[in-house]
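Every number in this text was worked out from the coordinates using simple rules, so none of it is lab data. What you see is a predicted model; the values in this text were computed from it and never measured. All Cβ positions, glycine included, derive from the backbone under ideal geometry; neighbour counts span all protein chains shown.
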Amino acid sequence: MQPLSAIELLRVWEEGQGEPPYRQAILLLAAACPEESPEEILSLSIGSRDARLLTLREWTFGAELTSFTACPACGERLEFSLNVSDIRFPAPEAKGPGLHLALDDYSLDFRLPNTGDLIAAGRSSEIGQIQRILIERCVRDARRQDEPMAAERLPPQVVEALAARMAEADPQADTRLALSCQGCGHRWQALFDIVSFFWSEIQAWAVRILREVHLLASAYGWHEADILAMSPQRRRIYLGMVAV
Ligand SMILES: [Zn+2]
């Protein structure tokens with residue numbers, strides 16, 4: 001994986017605007033990992049995908065993340081900031097051969113969900129149906145008392161244990177922040193989604209940088225590609241001169 005230049009990031013932003021988040025994630029990683037095929041990127045577990053996006057975010061905008069949320073108890077708006085290292089979790093337990101779960105009479109071989117699975121499941125809007133598609137795709141072998149069985153007939157407690165085991169085995173896929181409200185003292189956990197977080201930053205950055213291109217191109221007649229190729233420091237100095 002390599003960092004993205006301003007020109008590459010702008011191209012990804014242009015292509016990903018209005019697309020679903022999984023597609024935005026894939027566009028970012030396809031641009032940053034040109035040595036890998038789209039199939040390889042689609043088959044990364046969600047946690048591995050998000051770990052890469054976290055690294056790419058660090059290379060692009062730095063290690064500090066700042067965001068806003070509202071306290072679910074009193075509604076107070078609060079700002080929180082954290083470091084990329086605070087939400088970096090260990091790599092998934094198993095890559096190739098897969099994972100195993102034994103519960104009661106049941107025994108399963110399965111792999112971790114990836115973006116390809118989310119795309120397949122995303123075509124449905126019904127939770128039960130989404131779960132069934134994920135199980136069908138990720139469970140490689142299901143047995144009851146050693147007899148092979150269809151994965152869609154697994155009882156709810158086994159499905160629940162499977163979901164918990166998947167989250168445990170791929171911790172980056174389920175990133176939660178421990179938050180507390182200074183107003184009322186309420187404590188809660190919030191899911192952190194690197195894809196939407198990073199994409200909204202890219203959106204704000206793109207609008208800002210296009211405005212900078214506009215100002216410099218208008219003032220000096222330079223080409224867009226040349227302005228984008230400048231370091232941010234150099235751009236800022238020229239912008240300061242234009243403003244004067
Ligand atoms: Zn509160």
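Some points to look at:
- Three principal axis lengths of region 44-102 [C-alpha, angstrom, descending]: 47, 34, 15
- Taking every C-alpha pair closer than 8 Å and separated by at least 6 residues, the mean separation divided by the residue count of region 95-244 gives a relative contact order of 13 percent.
- Structure-based [θ]222 nm, the chain - -39500 (n - 2.57) summed over DSSP H runs of at least 4, per residue, nearest 500: -16000 deg cm²/dmol
- Residue among Cys138, Cys33, Cys184 with the largest mean-square fluctuation in a Gaussian network model of the chain, springs linking Cα atoms under 10 Å: Cys184
- Fully extended contour minus Cα-Cα distance, from Arg187 to His100, at 0.36 nm per residue: 27.9 nm
- Highest GNM mean-square fluctuation among Thr60, Thr69, Thr115, for the chain modelled with Cα contacts below 10 Å: Thr69.
- For the chain, cysteines whose Cβ has no other cysteine Cβ within reach (under 4.7 Å): Cys33, Cys138
- In Å, descending, principal axis extents of the Cα set of the chain: 79, 49, 31
- Angle of helix 127-138 to the longest C-alpha principal axis of the chain, folded into 0 to 90 degrees and rounded to 10: 80°.
- Springs join every pair of Cα atoms under 10 Å in this Gaussian network model of the chain, and among Asp226, Asp141, Asp117 the largest mean-square fluctuation is at Asp226.
- Computed from the C-beta positions of Thr66 and Glu8, the FRET efficiency with R₀ = 25 Å rounds to 0.55.
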